[in-house]
Every structure is written in structure tokens, then in C-alpha cells.
Amino acid sequence: MVKRLLVFCDRFHWLWLTLAAPFMLFPSPTRSLAMLVVPGLFLLRWLAMTGQKQTDLRKTQITFGGQQTVMTITPFNLAMLLMILMVLVSLWATFDFNLSLPKISGIILGFGIFLVIVREGQSPRGWWLCFMLFMVIGFGIAVIGLFGTHWANKIAILTPIVSRLTPRIIGLPGAAEGFHPNTVAGALVWVIPSYLTFSWLLLTKTRDIRSLLGRGKAIAATVLTISATLWMLAILILTQSRDGYISLALILPVLSLIALPRRWRWHGLVVLTLITIIVVVLLASQWGTVRPWIIDNILKSSTVLSMDSFNGRLQVWSRAIYGIRDFPLTGMGMNTFRKVMPVLYPVFNMSPEQDIGHAHNEFLQAALDLGIPGLVAFIAIYIIAFWMLIRIWRRSHAMKQRTSNGQTTGNPLIIQDRYIRDNANLPFANVRLVQAAVLGLGGGLLAHLLWGMTDAMALGARPAFLFWIILALINGLHKQVNENINIQNESSSLSDTKKTV
């Protein structure tokens, strides 16, 4: 009875993290015990696995997604282990645990979300459900952003609109006056590329989508996806975040060139070059009008960085470098830069009471929070993610080549497995779906990376859980595509054997 209860509880591991998530998003010293849920999930899985009978191996494989380890092995594991160790070190380095607690709790929640989605993404159906959840969360952030953002007035044409939008979601810890528009923009650029790529897929491959989903579902999916895309773009525009505009503008041409057939890429590159030249000429001719917005007006109403020139941001970066030099191995503790900087590294033309929430660069912020080892882990995670995306893209071409050669995409031997058969209606053999997912997830990761060069969303910030979802989805996509290639290879070998016989 106890063994069955453990297996049952472990099967709903995602539910326990969901119940603990609000306490980790808004932590306090008493609510910080909710962080124990994340290591508790490991313990629960170990107990459930050891409770299973050895003779019931097939059922165990189905229950645990084919993995017989307490922690699913991914290419991210070593980098994340280093980051976890540095989070523990930051507990020793911080001068105020209560100040660091929100970011520590947020990063622990991020790890938990990553592990849950990695595990659920072991099956095709589970991966697509997690991807849909990612899309829904992104849209939800756009909806909440409309009612909770403390809008800035930087672009005259948008002033009549934002002046009517008063924040209604206020008083939250860390956002007493509402959400910062740059933070909303930084979260949206993670998700918007996925909406754009799938909107384009739904519009250009209508026949294929109808054959996969059916006419009614295909029309509903197209209308909902395009409507959500337009909504999120509208909210991004209202944030008036230059970093958000620039990052999205830079990655969209790159994604377009990658998505084009190889014979059209040179034509696309020529068109892109001509557009770039035209934009540069227009900016040069209207520089007197554009310069105040690009350079001089850096969110004067901001509580994060209220300076009148780009020189102010440079000064914050220099102070961050001083902090990294003084605390290279341990960092100064998560979320402590805002208090340490006015004391140890003051900016002389800035009031000491002004709150500089972060270093306005995510890599500098990672080093300040977790030391240089934490920065190395952060960079390694990005490198691994892009390496996996490149590999998925290349392997998708191999899938396409096999399909075009008329080879089967399924293995008759594996169809007998109930676990695979139950998920066969959501295959990863569809090359266009795989490539759209790669462009969406990779585009979001790259767009936020570019945004994070001149702004920052600390690793433990509340919207930063989207980062961990993307990493888990990339890992799951990589696994599913590799399994699909293996199935094709096995099917091809089986077919060759039959021909020989």
C-alpha cells in the first residue's frame, strides 16, 4: 500500500511543485521552507523507484519515462550543478539573508521547473503539452502586463494610450508601483519568437496543419495563435523598451534567413542588406530627432536607473566590474548589489538613496550574484543550449532527406510498445514542426540574450522561470528528434534485412 502511494505521489510530481510555487515566488523566512519541495521531489522519486518490484520493469519504464535514474541526465547537468553550488556559496557571502532570499527562492523554483518539464518532456505528448503551457504563460504575462505595468512616457505617439493605462496590480514585493516596462519586455522577447514562427507556419502550411489537426482545430489554432501574437507585439510596443525593440528587430531577419530554402538565402541576404542601408541612411538624415530617444532619454521616471545620458549606464557597468574584482570567487550574494554599490562603489552624480536594482547586464549580474564560477556556469548553459539547437536543426534536415527518399518514419517493432503508441498522434517526424520549434525557442533565447546585454533580469527574478522552461524544452526536443532518427535508422535496417531475406 505504501509503495503504491509513493508511486502515485511521484506520478503527480508536477502538482507538488505547482502548489509550492506561490510560496517561492513571494518568499519570507517562514515560507522559505517551500524550497524543500525541490529536493523532496528527488527523494520521492527515489523512494518510488526503490519501491517498484524488479519484475515490473516494463511498468517502471513507462511510469518514469524510460529513465531508471533519480535525476534525468541532460547536457545541462554539470553546468547547473556548478550553479547550485554557487547559490549555496552565495548564502555564505551575502550580508543580508532576507535581501537575498527572493532571488535564491526564485532560482530554486527555476531548477524545479526545469526538472519537472525535462521529465514530462520524455514523451512527445508531454513535450507538446509543456510547450503549449509555455505559450500560455507567455500570453498570460502579456495580459498581466497590461494591467500591472507602470508605463513610461518616452514615445510621443504612444503617450495618449499609456496615459490612460494606470497599473491596477500594485503592492507586490519588488513591484510596489507596478511592473517595470523593461522587465515586461525582457519576458516577452522570450516568447514572441515562438508565436511568430508558429503563426507563420499556420499561415503558410495550412494544408499540412489541417491534415494533422483537422479542419476545425486548425482554424481555431490559427485564429488564436495570430491573435495572441498581435496582442503580445502590441504590449511590447507599449513598453517602449528600446532594448526589446532592438533585440527583436535583430533576431527576426536572422530567423527569416535561416528559415528560407537554401536557394533563396542569398536573395534574402541581398534584400536584408538593402533594407539595412536604407534604415541607416534614414537614421543619419533624421539623427537630430532620433538621438534624444536613443541616447539621452534613459527612462527618467525609472526607479532602476534614472540618468540623463548613456554615460550613467557605463558608470553602473564599471561599478559592477569593481564588485566582481573584489568578490571574484563567491560573488557578493544574490540581490545585494543594489545595497553594496552605494556604499562601496558610489556614483557621484547619483543620490545614494536611489535604488539600482541590477547591473544592467545579465552576465555582469550573474558574476555579482554567484561569482566568476557562477558566470562560467551561466555562459556554459547558453553555449549548450545553442549547441543543442544547431544539432536539432541539422538532424531535422536528415529527417527531411530520409522522408523525401521514401523511407518509413516508424519502426514496426516499437509500435508494439504501449507508451509509444499512446503518443503516436503527436509525432516529431514532422520536420516543419521541429524546425518551427527550433526557430521559436532559439530566437527567444537569442533575443533575450541581446536584451540582457544592456539590461538585466537576475537569475532568480520572478519572470526568469521562462528561461528554465526554454532550456527544458530544448532538451526535450533534442531527445525526441534523436529518438526519431534512431527509429528511422532501425526501420531502415529492418527493411534492408527483410529485402535480403
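Taking a ≥ b ≥ c as the square roots of the Cα gyration tensor eigenvalues, segment 90-142 comes out oblate, since a/c reaches at least 1.5 and a/b does not exceed b/c.
Taking a ≥ b ≥ c as the square roots of the eigenvalues of the Cα gyration tensor, segment 106-248 is oblate, since a/c reaches 1.5 or more and a/b is not larger than b/c.
Three semi-axes describe the equivalent ellipsoid of segment 345-397; taken as square roots of 5 times the Cα gyration tensor eigenvalues and ordered largest first, they are 37, 12, 6 Å. The stretch between F147 and D96 holds 15.1 nm of extra length on full extension. This uses 0.36 nm per residue minus the Cα-Cα distance.
Electrostatic bookkeeping for F378 treats Lys and Arg as +1 and Asp and Glu as -1; over the other residues with beta carbon under 12 Å from its beta carbon, the sum is -2.
Placing R0 at 45 angstrom, the Cβ-Cβ distance between R394 and Y322 gives a FRET efficiency of 0.55 after rounding to 0.05. Averaging 1/r across all pairs of distinct Cα atoms in segment 122-191 and inverting the result yields a Kirkwood radius of 13.6 Å. Would you please classify the overall shape of segment 190-268 from the alpha carbon gyration tensor, given that a ≥ b ≥ c denote the square roots of the eigenvalues, rounded means a/c under 1.5, and beyond that prolate means a/b larger than b/c while oblate covers the rest? Oblate shape, in that a/c is at least 1.5 and b/c is the bigger or equal ratio.
Once the C-beta distance of H267 and T206 is scaled by a Förster radius of 25 Å, the resulting FRET efficiency is 0.55 to the nearest 0.05. Packing-based ranking of 378-390, 188-200 yields 188-200, 378-390, ordered from highest to lowest mean Cβ neighbour count within 10 Å.
FYI, it's all coordinate maths here, none of it is from the lab. Bear in mind that the values here come from a model prediction, so they are computed numbers and not experimental data. We place every Cβ from the backbone using ideal geometry, glycine too, and count neighbours over all the protein chains shown.
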